Amino acid sequence: METIVTNKTLEKLKYDLVRAGLVPYETIEQAQEIANAQNINIGQVLIDSGVLTEEVLLKFLEAKLHIPYVNLEDYTLDTACLKYISYSDAKKYRIIPLFKIEDTLTVAMADPLDLFAIDKVIETAECSIEPVVSSQSGILKKIDELYQSDVKVGEIFTGIDSGYDWRDELHSEDLSDSHIQKIIRAILKQAISEGVHEVTFQGEDEGFAVNFKKDGEVLNKGAIPHALISSFTAKLKTLSDLDATVSEVPQLGKLSFKVDDVTLIASISTFPTIMGERIFLKIYKPPKALNRIIKSENSLNLIKSALNNPGIIVVCGSPLSGKTHIIYSLLLEAADKNKNIMTLESIAKYNLKNVHQCELNENIGFNMDKASRFIEFQSPDLIYLEGIKTKESFDYFSSLVFEGKTIIMEFLANNMEDLRYKLSFSDFETLKSIISCMIFIHSKESIEVFSKETVQKYLV
């Protein structure tokens, strides 16, 4: 289950910031609302909004708590102490070990009053804990640097390995701790080599079945033996920054790995079933510049005009046609135009510069409905919405066009006839009237761009 992000230290001391004259009371209340909506801690909201600098906030905490502040940029910690705190706990609690003297482990914490985190570390490290204050960003940066060898999938080189089979790695005589990680890497390598973007792992009689989905067909590629299922799922979850101890509720994460020196992202979805957890993995390629995908100068100009004017840009295609890939290219194109660009996504596939990406979180009730009520306060110029499913959502976001907003949304359709049929329902009348551009992906080699006028002719 995804952790609700809080900061107990700042929750306790937030009104002390008001009394110290550092933050107005009204600002604290507004920051709390934003923190709850976006599932970030209140300190991060104050820093991101420019109300406080991180240095001022940390110095305030140091003075108030009488706990030393450590700048990790200038600090060399004892890497031998990493064994006392797991990668998942370090990420979850924003904590990293610095050094150990006798029976006391000194740790840097973004939230030094998080007693649950301290108790957890005491339990696993089996020693007493001495916290110091450090910045959350500095801690997370050190975690990624120093725990990298423990969590990195490893680089994949496709080369000329025709007929590659991941089971060769499964049946190897490797008895090292990294064997499970090598199996994960081998499965990913075979999927990439075969042009597969969806992989599922599910419990069956013979073990944890590995299935590839390509062109709508599910292909069984063998199974992970029962004896390795627990280790396999735990390692895959850890690599994806999920809680390896939770299996009763769904989780959503992402996995980063390199293929032939290109970094790819896979979204990871876990779901409980009566046969154990089912894990779904979907691979996304990094976005390309729009002019590398749309070759026609006329089509490019249509899209650029739509990005710069109020209206709805609809990206259509069948499952796995590459809708997300095109949408990210559109966002890249718009990001250079000095606009306030925001996204509402189940999970951000790639971090895009100059784009404010927001991940929905159903576990805390931060769904599309709630996000839509708050996003207007951010005054976006362009919004990308992933997976709108209700008429109310369609109507609401369509109404934003009349307020000068540009909306990008995707629409599932196997072909033009399918699209015309689906949009013939009265629910979509308003939507159809304000489509400024439609991009239809027939195949990787055939992408059609429709102007506002052409769309109306095709959809009537």
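Couple of notes before you dig in:
- Selected residue [under 23 Å from the mean Cα position of the chain (by Cα), farther than 15 Å from residue 12 by Cα and at pLDDT 80 or above] from 55, 33, 73: 33
- For residue 207: the one exception among (1) of a type outside the set (S, T, N, Q); (2) under 19 Å from residue 283 (Cβ atoms); (3) in the same structural domain as residue 254 (by TED's automatic domain parsing): (2)
- Every pair of residues 6+ apart whose Cβ atoms lie under 7 Å, when the first sits in the range 307-332 and is within 22 Å of residue 213 (Cβ to Cβ) while the second is in a helix (DSSP H, G or I): 315/323; 315/326; 315/327; 316/419; 317/323; 326/293
- In the range 320-334, the condition of being touching a Gly at 6+ places or on another chain (Cβ under 7 Å), within 15 Å of residue 197 (Cα to Cα) and either among the aromatic types (Phe, Trp, Tyr) or part of a helix (DSSP H, G or I) (or both) is met by at least one residue.
- Flag for residue 70 being aliphatic (A, V, I, L, M), out of contact with any Phe, Trp or Tyr (no Cβ under 9 Å at 6 or more places or on another chain) and buried (at least 16 other Cβ atoms within 10 Å of the Cβ): yes
- Screening the range 134-169 for residues that are touching a Ser or Thr at 6+ places or on another chain (Cβ under 8 Å) and hydrophobic (A, V, I, L, M, F, W, C) and picking the one that is modelled with the highest pLDDT gives 146.
- For the range 417-448, the tally of residues that are within 12 Å of residue 317 (Cα to Cα) and either surrounded by 18 or more Cβ atoms within 10 Å (Cβ to Cβ) or polar (S, T, N, Q) (or both) stands at 8.
Results for (1) among the charged types (D, E, K, R); (2) more than 24 Å from residue 349 (Cβ to Cβ), shown as yes or no for each residue.
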residue	(1), (2)
215	yes, no
242	no, no
250	no, no
256	no, no
284	no, no
293	no, no
309	no, yes
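- Which numbered condition residue 96 fails, given (1) part of a helix (DSSP H, G or I); (2) among the β-branched types (Val, Ile, Thr); (3) in contact with a strand residue (DSSP E or B) (Cβ under 7 Å, 6 or more places away or on another chain): (1)
- Scope the range 352-361; condition over 14 Å from the mean Cα position of the chain (by Cα) and either at pLDDT below 80 or among the charged types (D, E, K, R) (or both); matching residues: 353
- Any pair with Cβ under 9 angstrom, 6 or more apart, that starts in the range 420-438 at a residue that is without any contact (Cβ under 8 Å) to a residue 40 or more places away in the chain and ends at one that is assigned to a helix (DSSP H, G or I) and of a type in the set (S, T, N, Q): 430/398; 430/399; 432/456; 433/398; 433/456
The values are calculated or read from the model by the stated rules, or taken from the named source; none is laboratory data. Keep in mind that what you see is a predicted model, and the values were worked out from it rather than measured. Please note: Cβ atoms are built from the backbone with ideal geometry, for glycine as well, and neighbour counts cover all protein chains shown.
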